[in-house]
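Notes for the one structure printed next.
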Amino acid sequence: MALASPQIKAICVEANEFPQLSNQFRVRGVPHTVINRRAAFVGALPEPDFVTAVLEGAGVASPHPDPPPQAGEGVEGEINYSPR
Amino acid sequence: MALIPEPVRQQLNDRFDTVLTGPVHLTLYTRPGSSRLILPAGLGCPTCEDARQMAELLRDAAPEKITLEVVDVSRDAARVEIDGVDDVPTIAIGSNSEPGRIRFQGLPTGTEFPALIDAVERVSRLEHGLSEESVTALAMLTEPAEVMVFATPT
């Protein structure tokens, strides 16, 4: 994704090696993806959903005509995505 | 004991020989001389020596295509800030001398090692692998965005 957009910086963090960072973002399972340090989702998503999550996490409107996913009851700022 | 066994090194050499097409620039942000003690964040670096070995392994697998720059964060704080590096070890992968925007923070072993190899190959070939729809959608980004993926070696 970072190769497809010059705006994106992609960081793969070894969760066990940085426990303070993992705690900061409430990592309970992997993969745990955090966008702009304020929105997050857990698990692997299909490509279109991943792109949507990144755009919404970055504050850009969803490019898909579907209604945007609703935030769940979990962590504040957490995005709950399920494959469309 | 070597971090990466010799047969795997040879496989990597052979693979890079056929797969890599363009240049790859690795930047290793590290704190040399750190002990292997696990200390609070910002102090020590138990995996920095292993990360150096891994970065050198990648470079040595295709020295005509891959360059490696080592940044000592304890001596070059300004560079660390400019490049936006949070902690060490971090390996940044780019196609030129600019700091790469694909990064591995921590030692990428286990299931993360193939992801590291894949990243090197994709940067070399400039192949993002995304659909046209995804590329079009991502073009809507007008501000820098950070995608941080937490993973574990197993």
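Key figures
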item	result
Sorted by Cβ density within 10 Å, fewest first, the residues A:9, B:65	B:65, A:9
Within region B:105-154: Cβ-based charge dipole about Cα centre, in debye rounded to nearest 20 (Lys, Arg +1; Asp, Glu -1)	140
Helical mean residue ellipticity (222 nm; -39500 (n - 2.57) per DSSP H run of 4+; nearest 500) of chain B	-11000 deg cm²/dmol
Cut-off 14 Å between beta-carbons: net charge of the residues surrounding residue B:8, Lys and Arg +1, Asp and Glu -1	-1
Alpha carbon centroid spacing (whole Å) that separates region B:113-140 from region A:1-67	15
Estimated D of chain B in µm² per second, where Rh is the Kirkwood radius over Cα pairs and Stokes-Einstein applies at 25 °C, 0.890 mPa s	149
Check: region B:55-154 dipole with +1 on Lys, Arg Cβ and -1 on Asp, Glu Cβ, in debye	140
Solitary cysteines of the protein assembly as shown, where the nearest other Cys Cβ is not under 4.7 Å	A:12
Label-point separation in nm, residue A:61 to residue B:115, each point 7 Å along Cα→Cβ	3.3
B:27, B:142 arranged by Cβ crowding within 10 Å, fewest neighbours leading	B:142, B:27
In order through region B:108-119: 3J(HN,Hα) via Karplus (6.51 cos²θ - 1.76 cosθ + 1.60), integer Hz, x for Gly, Pro	x, 10, x, 5, 7, 5, x, 5, 5, 4, 4, 5
Dipole magnitude of the protein assembly as shown about its Cα centre (Cβ charges: Lys, Arg +1; Asp, Glu -1), debye to nearest 20	320
Additional length obtainable on full extension of the chain from residue B:128 to residue B:79, 0.36 nm per residue less Cα span	14.9 nm
Rg/Rg_ref, the protein assembly as shown, where Rg_ref = 2.2 N^0.38 Å and atoms are Cα	1.02
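None of the figures in this text is laboratory data; all of them are computed from the coordinates on show. Computed from a predicted structure; not experimentally measured. Heads up, the Cβs are rebuilt from the backbone with ideal geometry, glycines too, and the neighbour counts pull from every protein chain shown.
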